Amino acid sequence: MSPGGANLKNPLLCLLSVKAIFIMTPTSPSLFHSAPQRLTASCRALLAMLLITPLFATSGCALKIGAQQMPNPRGDGQRRTRVRYEAELISPRFFADHVEATAAIGYVPVSQSNDRIHVVDHDGSINHLPVEQQDILDARMGVRVFPFASVLRPELGVIEPYFVGGGGFYSNAVTQRSPQHESHHGYGWFSLDEEHDTVSDGWFTYLGGGLHLNLTSNAAVLLEARHDFNRDDQGFDTGGTSVMLGVRWNY
């Protein structure tokens, strides 16, 4: 495996980074009635994490899907389990194949309202958008430690246990949509108004462990469980335990 630049070799992660920046960027400061300074700080922290992510030399990437259990993601005292999606960059191993660095972007769709707004695009297609939806984005960097790498060499068919830990930044955002009536010179129409509000955000740490199975010289399967700490902010607790299953590709 040869390390390469993440900007050229990971278009999927770059697209996810752009989507994350777009979702978290306000369209107008007046829309954020609660704390515009808070949202600006959240955007800057996520942007910094996303820009740092591709800087180190990488030898692989991974796509994961799993479930995350959160104690109180909506601030109503109810525990919820939601699907989590993740894209990850992985560095070459070092310290005699015992350690590798990781950087990932995660997305959790927390909830959507049952009410829908019907939006007609220019091509005539109709989109049914929820009136309100809540999404969590996070960017994290950490290390995986393979304690038995000197005994269990990373060869085909070998299952390697590992520990994982690190930290990152998260943002818990709510989007509200409503139709707005507009008119000009006697002509009237409806436009879609969107308001984005970051209800909680901050830095967090995580610890966990998993299993790494090499299928081929370039492909492997990851099964990982971890717990996020310090994600309780403004009455919203989005920490908790997540279990992820993913496919890794070494280039």
Item to check | Convex hull projection area averaged over all views, region 195-251, Cα basis, nm² | outcome: 5.9
Checklist entry - Using modelled backbone amide H atoms (1.01 Å from N, in-plane), which distant-in-sequence or interchain residues come within less than 5 Å of residue 97's amide H? => result none
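For the peptides 100-109, 61-70, what is the packing order when you average, over each peptide's residues, the other Cβ atoms within 10 Å and list the highest mean first?
Values: 100-109: 21.1, 61-70: 18.6.
My ranking of the peptides, most packed first, is 100-109, 61-70.
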Checklist outcome for this item: Expected unfolding gain across residue 218-residue 251 under the 0.36 nm per residue rule, minus the alpha-carbon gap, is 11.2 nm
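What is the order of 163, 236, 95, fewest Cβ neighbours within 10 Å to most? The partial results should precede the final answer.
Values: 163 14, 236 21, 95 11.
Placing the least packed residue first, the sequence is 95, 163, 236.
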Checklist entry - Sorted by average packing, counted as other Cβ atoms within 10 angstrom per residue and highest first, what order do 237-247, 140-150 take? => result 237-247, 140-150
Item to check | Stretchable slack from residue 111 to residue 211, in nm (0.36 nm times residue separation minus alpha-carbon distance) | outcome: 33.0 nm
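Throughout, read-outs are computed from the coordinates displayed, never taken from laboratory work. All of these numbers come straight from a predicted model, not from anything done at the bench. Neighbour counts run over all protein chains shown; Cβ positions are idealised from the backbone, glycine included.
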